[in-house]
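Everything on this sheet refers to the single structure shown next.
Values in this text are rule-based calculations from the coordinates and carry no lab data. This structure is a prediction, so every number in the text was calculated from the model and none was measured. All Cβ positions, even for glycine, are placed from backbone atoms using ideal geometry, and neighbour counts span all protein chains on display.
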Amino acid sequence: MGPGVATRRPWSGRSRGGGLGHFFFLWALRVLGARLAHLLLYPVALYFLFAAPSARRASRTFLEAAIGPAPNAWRGFWRTYRHFLTFARCLLDRGILLVLGPERFQRSSEGREHMARD
């Protein structure tokens with residue numbers, strides 16, 4: 001961890017989009033479907049990239065600690081955008097589970113034999 005990281009306020013778990021944002025995406029899932037709802041995440045993540053400077057800084061700090069500093073400003077911007085987009089996709093996937101049910105996901109179990117091996 002870098003200097004000052006331990007003194008920062010921990011994440012509350014609350015999203016910044018609020019109830020209206022959640023309602024919008026749940027509505028989009030029901031009416032437009034999962035694919036179009038996922039497409040809507042791209043401009044929303046871009047909006048938060050510019051509208052949430054503290055989240056942007058926290059993302060950049062995390063990414064620098066995890067994978068090293070970005071070689072240039074554009075690469076840092078792109079990494080942070082992808083980080084925001086991945087978070088948004090995770091939230092939307094939870095909405096898909098809620099609205100459309102778990103049958104919308106494919107899952108498989110492979111490699112269990114490796115876990116049992118000592």
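Tabulated results
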{"item": "Label-point separation, Glu64 to Arg104 (7 Å along Cα→Cβ), nm", "result": "3.7 nm"}
{"item": "Kirkwood Rh in Å, taken over all unlike Cα pairs in region 31-118", "result": "15.4 Å"}
{"item": "Among 65-75, 89-99, the order from most to least packed when residues are scored by Cβ within 10 Å on average", "result": "89-99, 65-75"}
{"item": "Cα centroid separation - region 26-49 against region 80-118, whole Å", "result": "17 Å"}
{"item": "Extension gain from Ala51 to Arg94, taking 0.36 nm per residue of separation minus the Cα-Cα distance", "result": "13.1 nm"}
{"item": "Cβ crowding within 10 Å averaged over residues, with 76-84, 35-43 ranked highest first", "result": "76-84, 35-43"}
